[in-house]
Structures are given as structure tokens and as C-alpha cells.
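The structure appears right after this line, and notes come after that.
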4 protein chains.
Amino acid sequence: MRTTVVAGNPKPGSRTLAAATLLARELSGAAPDHVLDVVTLGAGLLEWGDETVRAAVATVAESELVVFASPTFKATYTGLLKLFLDQFATGEGLRDVTAVPLMLGAGPAHALAPDLLLKPVLVELGAITPAPGLYLLDSTYTSDTRIADYARRWGPVLRATVRQEA
Amino acid sequence: MRTTVVAGNPKPGSRTLAAATLLARELSGAAPDHVLDVVTLGAGLLEWGDETVRAAVATVAESELVVFASPTFKATYTGLLKLFLDQFATGEGLRDVTAVPLMLGAGPAHALAPDLLLKPVLVELGAITPAPGLYLLDSTYTSDTRIADYARRWGPVLRATVRQEA
Amino acid sequence: MRTTVVAGNPKPGSRTLAAATLLARELSGAAPDHVLDVVTLGAGLLEWGDETVRAAVATVAESELVVFASPTFKATYTGLLKLFLDQFATGEGLRDVTAVPLMLGAGPAHALAPDLLLKPVLVELGAITPAPGLYLLDSTYTSDTRIADYARRWGPVLRATVRQEA
Amino acid sequence: MRTTVVAGNPKPGSRTLAAATLLARELSGAAPDHVLDVVTLGAGLLEWGDETVRAAVATVAESELVVFASPTFKATYTGLLKLFLDQFATGEGLRDVTAVPLMLGAGPAHALAPDLLLKPVLVELGAITPAPGLYLLDSTYTSDTRIADYARRWGPVLRATVRQEA
């Protein structure tokens, strides 16, 4: 199963990225094949057709399971993550990709954001999204059992939707 | 595959019900096992523990694929449908049920409602929701090809998430 | 200023009703003119044109400031409240009414629901909604200062939008 | 009344910008004091503390009425606009600013996006948002009467919330 992590935190090497990587590993049983820290794509994100951005889009589109992760900024995902998602084709850009929306926040108030706000963008790109979004507290995700609990309940369903390798 | 249709239109025998039945048939290849016209449950919906309502909830919870359908009232699903959904247990009431959110409207303006508004309620009840919500025009759903197109693209994914019969 | 409270909790005399009444009093400086406990309208809510429901709709529509309150059921407002809101005319039913969305929950996870889910229904009915939705914990709203804080910050703006009495 | 237009279209001098300027003029009776084409801020948007971005934020925060405009990308506002909004302080960045969410789309399907998706971000920044979001077709906004109709119905309410000049 080709697994990719996409993290849209303006700070490189963030806890967002670390949590998404943990989740991908729990879901697939292995380290993710690709880890994309969106901020490293730089100013090419503000254009159309930048080569590095284009390659990153292709990597995501060819994956089977992708965790899309964002910190919570202004009660929703970051502009940075959306800038990257805007580079995908509507309805087709994530076709046949099983996607997991993940958001981290400092407090519990924005726990609805992954399902109400981030997931619909992934759906618009054509992704398969069988499981609920996951919202984690950035201060406790390494000590609580939420990632493992989520993987236990939703891992089988997510894996059932992954396209069969020929 | 045990398939059920739930229609939350205050008018019995509505186009909502008809469209949901068509969709269930396209997705499963057979007539739905159960068709629940929520309005027929009557005033028992306003209580907790009404026997008929309880039986309807059980029928839905034991299904494998359920189309939840509503006309668009005030830019979202009806109070009637929500009244029925309020009878399910949070996080568990639709566990292991693959759910499809379907809404019908007179015009195209509310096409985001199935994914932004109806699907999150089903997710909160624990449903598996791999496919996008479907929004149909109540005047054209019998003449356009939207139901068939949807079933072709999303049927395989929906069926892949249905629990295996032992 | 004619002020009304609408509470959509299936339990009569609920904390939802009490909190909404407190909020209305803080915002207007007086007890609300009308307090509508939606559940008391009974099975007439399931029809169109019930006399008692019709009178309740008229009372709300003729108010200047209305607090619409709901407990959180399945991560959003109740079917009961929506059933009542479905009785108003789209775009016109709350014309010239300044509306405040209020929701109560057992925990903080659904704090986005008033703005993302309840307010849009009020907007669709034509209401004026200048202030953010308010989300309260049902266990602490009498001991914390959230209602007073909200009234201090948003009271002036809400009152500025209330139609001038001739 | 100090009026500002903020347009988050990656294409400079877009129809988004033109429509927002028309709307601001209809609402205030004069040309907007400031017109901010977010894309011109360039790569400074990807950092914190860029001088030009900081000045743009201040201009918006000191305005009394601001039209926030975006084309519809992936069924919601652009990453570019959100990148700019991420630069404001939560709860305070738009304090005392009356804000109007405006979105343009190629078709009618995303008409719920201004109220369900863009307005909540402005609310989170502390803005006053008394009126519904406006959704325009990018092909007809100059020939239909939607901007004028909106200004007629909602202009008085919007102006009533604008802070009094001392």
C-alpha cells in the first residue's frame, strides 16, 4: 500500500507532521512512503505549474492512502494546506485515493473542523473518505491513545477501500 | 447485502423516497430490503422509546447499506429526518453501516448540503461514508443520468466497505 | 425591544431554556417578552398549518431579538428545533429579526456548531445575525461568566441592528 | 465610512476584485478607500512579519466595512485568501470591522459556501457579520441585479453596525 503524509503547517518539521506520520504508520503498518512538508515547496505554491509543486501533486495523486494534516488556524485548516490542495484537479485530482483528514489544535473547541471543513475539500477532489476526520490535541497526542484507537476502529475500513495492486 | 432506504420528507410517498429507492437499487443491484418513510412513524418520533420508532431504528442499524434521503428545507435536511436520527446512539448507532447522504432540491444552489450538513450527522452516529453526498434536482432525477453515473463511480467503493456476511 | 426565546430541547423546562432566557435578559436588560419551549407545541409540529404552531411562528417573526437555543444532539441542533424552523418561510420568515444562535453541550468538542450549523439556518430564513454563535457547557453556564462576557461584547452590535420602534 | 475590498484571486485584477469593488460601492455609496489584491503581496504571505503584509493587515483592521472576496476553488475560498486571513489575530484581528463574505463561481452549485465556509473564518477573527454571504456567477454579475438587490436589502443593516466616527 503506497502511503503518503501531507502536512500543511507553516513551521517545518512540526508536530502536525509528526502526528500525521504516526497515524499513517498505525493505519498501514509501515513508515509512509512519502512525507510531504508542504511549507518546503515555498513560493512555487503561489503559481501554477511550478515543477516541484507539480511533482508533489503527482506523488500524492499516485498514492493509495494519504493523511492530510493541518494545525487549526482560525478554526479551520491553514491557508498553506489549501494553497497546495488548490493545485489538484477538481473531482479527479484525488480519484482512487483514500484520504484521512487530520487536524491538531491547542484545545478541544475545534474538534468538528476535520469533518465539517477539511473533509469536504478532499471529497471535492474526488477522494474516498470512509472514516471520520480525526482531531488531536497537539499537547497530548503522543501520550493519549487516540491515534491507536482510531487506527483500530477505522483501519480495516480504510484499507478495504484501497485500490488493489495488480 | 441488506439495503435500506430512509426518507425524511413530511409528504408520504415523496419523490425523495422514490429517488432514494432508485439509488439503492442501482448501488446494490436489487430492490432495497426495507423502505422507511419516516413520516409514517408519526408522533412517536417526538418521544423516546416508542416501540415502532425503536423497531425502525433497529432495522436501519442492522442494515449494511443505507441511503439517507431528505428534501432540502431551509438549505439543509428536514427537521423530520433529524428527529429520526436523534433516536440513534452517538458514535455507535450506525456502526458498521455504510451510509449514503442524498438530498433533493428544486434548484442547484444547495448542492453542498449533503456533504457539509447531512453527512456529518451520519459520521457522528458512527457510519462509514466513503462516497460524496449526492444532490439531485427533484424535477430531473428521473430523466438525467446522475443516479446511474453516481452508482457507476461510487458503487464499487461503497460495496467494498460493506461488512462481509459470515 | 420585543425579545423572544426559542428553545428546542425535547425535555420541557430544560437548561437550554434557562440559559437562553439568561442570555436574552443580559442582551436586552429585561425578561424576554415571550419564552417558547418548542416541545410544548407537540404533534402539531409534524403538520403544516396547526393553529398553535402558526401562532408561535408569528410571535417569533414579530420579535426584534430572538435567541434560538438548542442542546447538541449528534454534533448539531436538535430535530425538534429544526422541525419548528421548517415552519418559517424561506428568506422571509425571520426578516428584520435579529437572531442569536445558542447551543449547549456536555463537553467542548462541538463549539463550532452554532456558527457552522445553526446560524446558516437562521440566515436562510432572512434573519440578521451580526454576532458569533454562543456555545455553553450545560454544567457551567450558571457559574462561569460566558453569558455576561458575550453580552458585553456583542450586546451593542446586536441592539444596533434591531429595528427602530416607530 | 472607511471601506476596503480584499480579493483573494491568484489572478491579479480579477473579476473577483471587480465584483467586490462594485459591491463595496453599492453598500457605501462611494469608491472603496482601499482595494487589496492579495496576490500582489507575493511570497511575504508565506512568512510571519513581512512588512508589506503587516501594513495590509493593518489597513483592513482599521476599516469599518470590508468586503472579503474569493473565487470558488474546490468548493470553497482560495488558499490565497486564507493565507492572508491567517495573518490576523484570532478573535481580535477584525474586531469592530463589519465584514461581508463574497464568493464568485462559474455555476450555482457552491452558493452555500460564503455562509457555511467563508463567514465562519471572519467570525473567528472577531468580525461583525450581520448579512448573509453573497454568491455571484462570474459570468452574469455585471448584467444581473444581484449586487444592487443585496445592497438594497442588506445595506441599511450593515451600515447600522459600522462603528460611529468620533
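Observations, loosely collected:
- Helix-only [θ]222 nm of chain C, DSSP H runs n ≥ 4, -39500 (n - 2.57) each, per residue, nearest 500: -10000 deg cm²/dmol
- Residue of D:A111, D:A55, D:A19 that the Gaussian network model of chain D assigns the largest fluctuation, springs spanning Cα pairs under 10 Å: D:A55
- Database remark: amide H of B:L36 closer than 5 angstrom to the amide H of B:V5, B:V6, B:A7 (H placed geometrically; neighbours at sequence offset of 5 or more, or on other chains; Pro and chain starts carry no H).
- Averaging Cα coordinates gives a centre for region A:46-71 and one for region A:90-160; these two points are 17 Å apart.
- Average partner coverage of B:12-24, which counts Cβ from other chains inside 10 Å: 0
- Tail fraction, Cα-Cα pairs, region C:44-84, threshold 14 Å, whole percent: 56
- Integer Hz, Karplus 6.51/-1.76/1.60 couplings in order for region B:107-112, x for Gly and Pro: x, x, 5, 9, 4, 7
- Label-point gap, in nm, between A:A109 and D:R153 - each point 7 angstrom along Cα→Cβ: 3.1
- For C:K82, the lysines whose Cα falls under 23 Å of its own Cα, not counting residues fewer than eight places away in the same chain, are B:K11, B:K74, B:K82, B:K119, C:K11, C:K74, C:K119, D:K119.
- Shape of region C:70-160, Cα gyration tensor, a/c cut at 1.5: oblate
- With only the Cα atoms considered, the protein assembly as shown has a convex hull volume of 156 Å³ per residue.
- Hydrodynamic radius by Kirkwood, which averages 1/r over all alpha carbon pairs of region B:1-59, in angstrom: 12.1
- Sequence-distant residues sharing a close amide H with B:I128 (under 5 Å, placed H): B:D96, B:V97, B:T98, B:A99
- Within-13-Å neighbourhood charge of A:A24 [Cβ basis; K, R +1; D, E -1]: 0
- Amide hydrogen neighbours beyond the local backbone of D:L136, cut-off 5 Å, H modeled: D:M103, D:L104, D:G105
- Among the chymotrypsin sites (Phe, Trp or Tyr not before Pro) within region C:28-75, those in coil by DSSP and having at most 13 neighbouring Cβ atoms inside 10 Å are C:W48.
- Ordering D:V53, D:L134, D:A20 by the projection of their Cα atoms onto the charge dipole of chain D, which places +1 on the Cβ of Lys and Arg and -1 on the Cβ of Asp and Glu, puts D:L134 at the extreme positive end.
- For region C:3-165, share of DSSP beta bridges that run antiparallel, in % to the nearest 5: 5
- Hz values of 3J(HN,Hα) by residue in region B:139-156 - Karplus curve (6.51, -1.76, 1.60), Gly and Pro given as x: 8, 10, 5, 7, 9, 7, 10, 5, 5, 5, 4, 4, 5, 5, 6, 9, x, x
- Hull volume in cubic angstrom per residue (convex hull over the Cα atoms of region D:3-165): 101
- By average C-beta atoms within 10 angstrom, highest first, the peptides C:91-97, B:100-106: B:100-106, C:91-97
- Here the Karplus curve 6.51 cos²θ - 1.76 cosθ + 1.60, taken at θ = phi - 60°, turns the phi angles of region D:10-26 into couplings of x, 8, x, x, 6, 5, 4, 5, 5, 5, 5, 5, 4, 5, 4, 5, 5 Hz, with x standing for Gly and Pro.
- Of C:P132, C:P108, C:P32, the one that fluctuates the most in a GNM where chain C has Cα springs shorter than 10 Å: C:P108
- Annotation: the antiparallel percentage among DSSP beta bridges lying fully within the protein assembly as shown is about 5.
- For region D:32-102, the square roots a ≥ b ≥ c of the C-alpha gyration tensor eigenvalues yield an a/c under 1.5, which makes the shape rounded.
The numbers here are math on the coordinates, done by the rules we state, and not lab data. Quick caveat: nothing in here was measured; it's all calculated off a predicted structure. Here the Cβ is made from the backbone with ideal geometry for all residues, glycine too, and neighbour counts use every protein chain on show.
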